[in-house]
Number of protein chains: 2
Amino acid sequence: MKKTVRAFQATLVLVFFAAVSGMAGILQAAAQEPLPSWNDTNARSRIINFVKQTVTEGGEGFVAPEDRIAVFDNDGTLWTEQPYYIQLGFMLDRVKKLAPQHPEWKTKEPFKSILNDDLKGIARGGEKGIVDLGMSTHAGMTTDQFNKIVSDWFAAAKHPKTGRPYTEMTYLPMRELLDYLRSNSFKTYIVSGGGIEFMRPVTEKLYGIPPEQVVGSTITTEYAIVGDVPVLRRLPKIDFIDDGPGKPAGINKFIGRKPIFVAGNSDGDYEMMRWTTAAKGPGFAMLVHHTDGDREYAYDRQSVFGKLDKALNESERRNWLVVDMKKDWKKVFAFEQ
Amino acid sequence: MKKTVRAFQATLVLVFFAAVSGMAGILQAAAQEPLPSWNDTNARSRIINFVKQTVTEGGEGFVAPEDRIAVFDNDGTLWTEQPYYIQLGFMLDRVKKLAPQHPEWKTKEPFKSILNDDLKGIARGGEKGIVDLGMSTHAGMTTDQFNKIVSDWFAAAKHPKTGRPYTEMTYLPMRELLDYLRSNSFKTYIVSGGGIEFMRPVTEKLYGIPPEQVVGSTITTEYAIVGDVPVLRRLPKIDFIDDGPGKPAGINKFIGRKPIFVAGNSDGDYEMMRWTTAAKGPGFAMLVHHTDGDREYAYDRQSVFGKLDKALNESERRNWLVVDMKKDWKKVFAFEQ
């Protein structure tokens, strides 16, 4: 009897600690098949085989938990980037909202085109136009103010085609992949060309990725005292572009370790895929190929947003997995029937 | 009897998971009094009281685990910065090692002074001399090569006063503080003016802080292909100075959350201490005051390295804890008898 009581007490104590440490969630995850929204194709098997090898102690592909770093591009890899980047949608809305305070925008590009809903006119402004646009909408306030502007925008803004909140435009199979990697002790990061402070307010809710695991493009901030309160002011000055060759540099700067798993969907991810898979030891790279014009969009080599050409050409010889959204995914978005 | 068996089985299962998830370590830590190398003074009580409040659910000072971010300066806060920064020691040794390949250094400052062991001559070169020195010793190689150079140096280099490896020159009470915070679900970061890639090879071993939780000054890196292998080359160009007003900017950039606990020891930490403790909600700031000329060094307002003046003046009115190394610490270094 005493033994029963003691065992029961021990059980209680351990149930408490197991609950505290979130073991309940891990037990639950283990009970379920991984990647349920993926079809039973080669893509799913390759991912699962790689993960199984990294966690098999004593095996050739074993990787210590602290080195299980997985990085994900965001636009077109975790959420949709068509008909234009979600962050561009934010800029367009922001210009319209701020226009009454900027009468000069009526005659100045790219603002004039935006106010006239002329997307082609914006494109004509080229890179300089886009940078001006970014600086006008992303700088001049404190970091706390910008965080609130972005959060408020996400709470209300809708995707132009589906009419769904942008926060619902994430790919369900990719969110499952993030969960699956984390349940195998991978640390998951976003490495995106998008603005780091545009993504951070929503990544935890959307992907289970906390702000400190978001790497992206940055603008310079400046410490200032406003009425005896220290703030960080966002300056109209680009600090770092986390795209193309900037991605491996960004990973090295922010994370300081080489990932062993990388997912992208465009030529902007090419260099980080090369860098990750060239390292000694295990490395896995995958491309999300947008092949599903019905459920999402079909595009690659000719697209303005998310152009995929060089990386696709080299995928076979570099043994990079190309995920065919149409064939490999049961569902694209969680809201599909 | 059946109940006993079942309870026993449940216990076994949970013991297993508890062990897997490292609960054993937490149970062990809880059994031991925190901060054993701290004297039983006000400093120790204030730290413990703050931590207890942050973990007390329902209490006014409660902070959700994901927001328990603690940041630590490195030089003079976690390890010694006298008679000069450890990274400067690295530079001096590096110049001597590379000198045979650079005959021009014999007549060029600050190299000439270094080769003549003339520390004052180096100082005469001013900031430009130090930047030249940094670029000559920290750039021109790949990130992997630099990592190896730094690791090899730490394996052999000795502190000029104690003759101990630099890796033993860490403050035992501060390492205990890091452990104590982590055992209360704080995430611990280094936020240092030192080079990020100079610290990362050793922070896990020295402080239990992984590379991705090290924020520091950076130089620009460039992606390049060398014989079909992608590498990152370190360029002789400063990217970011993580010191003074750069520290809150660095925290915002790399971590994306405001810390609730900050430790520093010099005026270079002033702005991040202001920024952290001005936030709404709980916030704790402490200064390590170097008062122990016997066991370490005694310095503050006049010191070339780790000057502490303004932050010390304002500590009382801002309610920042000033830790008196001599009075508050039983031991400074682990190697003391």
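The values are calculated or read from the model by the stated rules, or taken from the named source; none is laboratory data. Note that the structure is predicted; figures quoted are calculated from it, not measured. Cβ: placed from backbone, ideal geometry, glycine included. Neighbour counts: every protein chain shown. Keep in mind that these areas ignore ligands, DNA and RNA; they rest on the heavy atoms of the full protein, side chains included. Shrake-Rupley method; radii C 1.70, N 1.55, O 1.52, S 1.80 Å.
If R0 is 30 Å, the Cβ-Cβ spacing of A:I241 and A:I48 corresponds to a FRET efficiency of close to 0.30.
Here is the P(r) of chain A: all C-alpha pair distances, binned every 10 Å from 0, give 5, 23, 31, 22, 12, 5, 2, 0, 0 in whole percents.
B:T220 sits among other residues whose Cβ lies under 9 Å from its own Cβ, and their net charge, with Lys and Arg +1 and Asp and Glu -1, is 0.
Packing, taken as the mean count of other beta carbons within 10 Å per residue, orders the peptides A:103-110, B:209-216, A:56-63 from highest to lowest as B:209-216, A:103-110, A:56-63. Projecting 7 Å from Cα along the Cα-to-Cβ direction, the label point of B:P100 sits 7.5 nm from its equivalents in the other copies, listed shortest first. Overall size of segment B:133-267 from C-alpha positions, given as principal axis extents largest first: 48, 39, 29 Å.
Taking the average, over residues, of other Cβ atoms within 10 Å as the packing measure, peptides B:237-248, B:186-197, A:318-329, B:159-170 rank B:186-197, B:237-248, A:318-329, B:159-170 from highest down. Of all beta bridges that DSSP places with both ends in chain A, some 40 percent have antiparallel geometry.
Per residue, the solvent-accessible area of the protein assembly as shown (1.4 Å probe, heavy atoms of protein chains only, all protein chains present) comes to 46 Å². With angles folded into 0 to 90 degrees, how steeply does helix B:143-156 sit against the dominant principal axis of chain B? Use alpha carbons for both and round to 10. Helix B:143-156 sits at roughly 80 degrees to that axis.
Normalised by the number of residues in segment A:111-205, the mean separation of alpha-carbon contacts (under 8 Å, six or more apart) gives a relative contact order of 20 percent. With a 10 Å cut-off around each Cβ of A:45-53, the average count of Cβ atoms from other chains is 0. Remark: label point of B:N49 defined 7 Å out from Cα along the Cα-Cβ vector; separations to the same position in other copies 6.2 nm, ascending. Between B:K97 and B:R301, residue separation times 0.36 nm minus the direct Cα-Cα distance comes to 70.0 nm. Taking every DSSP helix (H) stretch of at least 4 residues in the protein assembly as shown, weighting each as -39,500 (n - 2.57) and dividing the sum by the residue count yields a mean residue ellipticity at 222 nm of -12500 deg cm²/dmol. Between B:I149, B:I255, B:I225, the GNM of chain B built on Cα springs shorter than 10 angstrom shows B:I225 fluctuating the most. Between chain B and chain A, the total buried accessible area stands at approximately 4000 Å², from heavy atoms with a 1.4 Å probe.
For chain A, modelled as a GNM whose springs connect Cα atoms under 10 angstrom apart, the maximal fluctuation among A:L119, A:L308, A:L92 occurs at A:L119.
Other protein chain C-beta atoms within 10 Å of residue C-beta, averaged over B:169-181: 0.
Seen from B:P110, the other residues with C-beta closer than 10 Å to its C-beta sum to a net charge of +1, counting Lys and Arg as +1 and Asp and Glu as -1.
Taking the DSSP beta bridges with both ends in the protein assembly as shown, the antiparallel portion is around 40 percent.
Sketch the reach of a paramagnetic label on A:E33 as a point 7 Å from Cα along Cα-to-Cβ, and name the residues of segment A:136-174 whose backbone nitrogen lies under 20 Å away. Within reach of a label on A:E33: A:172-174. Applying both filters, DSSP loop and at most 15 other Cβ atoms within 10 Å, to the GluC sites (Glu not before Pro) of segment A:234-337 gives A:E316, A:E336.
Once divided by 2.2 N^0.38 Å, the Cα radius of gyration of segment B:122-191 becomes 1.52.
Measuring nothing but how far apart in sequence close Cα pairs (under 8 Å, 6+ apart) lie, relative to its length, chain A scores a relative contact order of 21 percent.
Across the identical copies, the label point of B:I241 (7 Å from Cα in the Cβ direction) is separated from its matches by 2.6 nm, in order from shortest.
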